[in-house]
């Protein structure tokens, strides 16, 4: 798996991906791997990768310099100073690379250990109104601003309730989320509800920006991307037109068998609707034979 990533993302060697992967191999650090695709009016952007490590493993492997990966990713100094305050508090540490219309972007999310409550539901749930992820994003090339993003828990509730809450939150942002196409998508997702686990809904906003989105984690539904391809395609066609729809259709077909993950949507900093589909999260075991599960 590591060898495949080194080859598939060869262009990211100058920006720290290869060094991080080789460090994981050297110190036998397991990590989670997830990919995503962003779709907006300017096109389809599938080259997006997220690597996630448990904090205890991260600090074991980087005991001499825990900020070395950030230096390799060329994080701006001001953002590094901010991040230094919060890194020791993180439960998990995530590194991301994504290709957008203006070039490659570096990302890091610090995941805080959430408070858990079992008062309301049969299964323990995460208390709302708490910061779960503190995100940093900066340009690796091209134009763009460095931003700080906060991911707050809006709800952690039974699937039907969480999906309807996601639907109603988005409907307040734009009439596009009141369309029959979007209703068909949410109804289909609700009909996939075979889990007793609560689903996590996040409220996402950038500091100093009007950007806002809502992210729902659908992994526990145990579906593939293929499950939502048709209604999701209808949403994309209505929002962005034929050209973007055709490009998205081609990519969704290529990842149809991958595990369905998060669906995030909202209004970007320029005032336009966007969608991000996360998929295929796996655990990469770096010991001995590079087995994936």
Gained length - residue 130 relative to residue 222, 0.36 nm times residue gap less alpha-carbon distance: 30.5 nm
Among 252, 23, 110, which one shows the biggest mean-square fluctuation in a GNM of the chain, springs joining Cα atoms closer than 10 Å? 23
Ranked highest first by average number of other Cβ atoms within 10 Å, how do 76-85, 216-225 line up? 216-225, 76-85
Over the range 11-147, what is the relative contact order in whole percent, taking alpha-carbon pairs under 8 Å and six or more residues apart? 20 percent
Coordinate range along principal axes, alpha carbons of the range 1-57, Å, largest first: 42, 22, 18
Note: residue 113 to residue 56 extended length (0.36 nm per residue) minus current alpha-carbon separation gives 19.2 nm
Given a Förster distance of 30 angstrom, what is the FRET efficiency for residue 27 paired with residue 253, based on the Cβ-Cβ distance and rounded to 0.05? 0.20
Please give the contour-minus-distance gain from residue 150 to residue 7: 0.36 nm per residue of separation, less the Cα-Cα distance, rounded to one decimal in nm. 48.2 nm
Compactness check, the range 2-284: C-alpha Rg relative to the 2.2 N^0.38 Å globular estimate gives 0.99
Could you work out how far helix 17-27 tilts from the main Cα principal axis of the chain, as a 0 to 90 degree angle to the nearest 10? 60 degrees
Relative contact order (%) - criterion: Cα under 8 Å, at least six apart; region: the range 2-284: 18 percent
Helix 242-254: inclination vs the chain longest Cα principal axis, degrees, rounded to 10, gives 60 degrees
Length-normalised contact order of the range 159-293, Cα under 8 Å, at least 6 apart, in percent, tallies to 23 percent
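Here, each number is a calculation from the coordinates, and none is a lab measurement. All values derive from a computational prediction rather than experimental measurement. Ideal geometry is used to build each Cβ from the backbone, glycine not excepted, and the neighbour counts take in all protein chains shown.
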